[in-house]
Amino acid sequence: MHSSRTPFPAWRNFVYRKLFAFSLLLFLGALVPAADGAGRFTQKLSWKADAYALSYQVEIQTNSGGAVQTLSTEQSSVEVSLPAGNYRYRVTACDILGREASVSEWTPFEILKAASPSIAPPASVAALSEDGHSLALPLAIGSVTADSVVQLVNVETGKTVSGSLVLTDSALQAASGSETQAASMVQFKNVSEGRWRLRVTNPSGLQSESDVFTVKDEIKEKRLAAEKAEKERREQEELQRKEEERLAEERAKAEQAEKERMAAEKERIAAEKAAQEQAEKERLAAEKAAQEQAEKERLLAEKEAAQAEKKEKRALSWKNSRDIQLVAGAGITASLGDSLISDYYDDLPLSATVRISSLPVHVSRQKIGFEFFLSAWAYAKSTAYYESDLAVGVFGANFVYQYPLYSDRLYVSAKAGCGFSALRHEISYSGGESTRDEDTSMFGYGTVQGGLSCFWIPALHLACEAGFDAVHLLTADAPAVFVTPYIGVGLRF
């Protein structure tokens, strides 16, 4: 039986083999690093944002017009990593329907070449400064920038110490490169004795290391000896001063004793009785004065102790009663009941809530206080003829009662209070031959609210809360009850 199938053309087989080989070479070339050690810089391209643009398309070409890359982003900037060379780019802004709204002019930019730092071999021994922990190395380092990172690495412990470069004259820079500055010195602090290696890393990620060298504190013994001598000198001066004071005090006592002895001996016979009576009167008066002074000091000490105890109790009472929390969370809001909002919008929007509560009253582990809260959410509805958005914000204050469920870490909270709400309604018309303008309205209503939650304290300053809030708008036009289950986390003070 004869087959009607046409044989595979030889030229097509040859072309497929060539395409496969070329794709394989491109893949291997992307895996193998550049032979000259040059890296790539990451460059950030930015432009002025368009308020009506949903996304941007960035086209990158060589200066000759060859296509390089096309990127899409919703931001007003993009980062690229390309080989060194000169390029140009332009930005196309796309609107919400994906249409091209505007196209910028071509803007040139340059990707500069990255080079590995060069480090001259350091001396085998480096000496610390007089303070015993600073190190300055006069060392020639090339192919660096002011943003290069320089470190000392201890070859025995792996510890690293960061330092700074002292760059040489800017005339050493080349106009075509980016990492062509040179440094004549590196400086470090908090360096200890040991064996170290110098490591220099450029912003492009290229890195070089020096040979191992030894750091010594050559003036440590001189410094310690000088400190010891100074200490001994001060101790000797102090001993001499105390000895002189002792001798002077002894001489004064001896002179005073001699004077008193001579006066007493001269008057002993004639005035012995009078002296004894006077001495007795002075003794009694001194005892009485001492007793009165002791009593005054005792009463003053008791008064000060009572005031300190009262102050400490008042401070301790405030500290124990203070319980302040700041909790932020999120939830889902549902509109219940027969209202214009629930009839018009059928979605369940996400909501954000922030709560600040204070529970100063503690009664048998139960806590009583108040909280302020702010909740916000938004509805959206779109048809072929219009788009409608409704944003709702509620601020209120609640009375809070907490009852412990387990130890002092888990509580159930009951809340009730009042507040006010702000509603912003925006509607825009489109489609057909509609000529109606966009309409924006603001409304404000009072609210009553309440809720239940579970409050958990996993750590001293950490708080978690999960529960639900119910908010009722006080309006006859569009009565609504919003129920929001939420979960949040925050801090305790």
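The values are calculated or read from the model by the stated rules, or taken from the named source; none is laboratory data. From a predicted model like this one, the values you see are computed outputs, not experimental measurements. Cβ coordinates were reconstructed from backbone atoms using ideal geometry, including for glycine residues, and neighbour counts include every protein chain displayed. Accessible surface areas use protein heavy atoms only, side chains included; no ligands, DNA or RNA. Shrake-Rupley method; radii C 1.70, N 1.55, O 1.52, S 1.80 Å.
Of all lysines in the structure, the ones whose alpha carbon falls short of 24 Å from that of residue 266, not counting any fewer than 8 places away in one chain, are 253, 281.
Which FRET efficiency value, to the nearest 0.05, do you get for residue 241 and residue 358 by plugging their Cβ-Cβ distance into 1/(1 + (r/R0)^6) with R0 = 60 Å? Given R0 = 60 Å and the Cβ-Cβ separation, E is 0.50. Remark: segment 55-206 carries 53 Å² of accessible area per residue (probe radius 1.4 Å; ligands, DNA and RNA excluded). Among rounded, prolate and oblate, which fits segment 235-278 when a ≥ b ≥ c are the square roots of the eigenvalues of its C-alpha gyration tensor, a/c under 1.5 means rounded, and a/b larger than b/c means prolate? It is prolate, given that a/c is not under 1.5 and a/b is the larger ratio. Note on residue 303 and residue 72: with the Förster distance fixed at 60 Å, the Cβ-Cβ geometry gives a FRET efficiency of about 0.15.
Of the cross-linked pairs 288/310; 189/216; 159/189; 159/216; 381/415, which ones have a Cα-Cα span greater than 25 Å in the structure shown?
Values: 288/310 33 Å; 189/216 14 Å; 159/189 14 Å; 159/216 17 Å; 381/415 33 Å.
With Cα atoms farther than 25 Å apart: 288/310; 381/415.
Taking 7 Å steps out from each Cα toward its Cβ at residue 278 and residue 324 produces label points 7.0 nm apart. Taking Lys and Arg as +1 and Asp and Glu as -1, the other residues whose beta-carbon sits under 12 Å from that of residue 92 total -3.
Note on residue 472: accessible area approximately 70 square angstrom, rounded to 10, probe 1.4 Å, nucleic acids and ligands left out.
Net charge near residue 63: determine it from the other residues with C-beta under 12 Å of the C-beta of residue 63, scoring Lys and Arg +1 and Asp and Glu -1. Residues near residue 63 contribute 0 overall. Charged neighbours of residue 223, selected by a Cβ distance under 12 Å, balance to -4 (K, R count +1; D, E count -1).
Taking 15 Å as the straight-line reach from the Cα of residue 242, the aspartates and glutamates in range (excluding those fewer than 8 positions away in the same chain) are 250. Taking a ≥ b ≥ c as the square roots of the Cα gyration tensor eigenvalues, with a/c under 1.5 meaning rounded and otherwise prolate when a/b beats b/c, else oblate, which class fits segment 188-272? Verdict is prolate for segment 188-272. Within a straight-line Cα-Cα reach of under 27 Å, residue 44 can be paired with the following lysines, leaving aside sequence neighbours fewer than 8 residues apart in one chain: 113. Solvent-accessible surface of segment 350-493, taken per residue with a 1.4 Å probe and all protein chains present: 54 Å².
Applying both filters, DSSP loop and at most 15 other Cβ atoms within 10 Å, to the GluC sites (Glu not before Pro) of segment 192-286 gives 193, 218.
The alpha carbon gyration tensor of segment 339-392 gives principal lengths a ≥ b ≥ c with a/c of 1.5 or higher and a/b greater than b/c, which makes the shape prolate.
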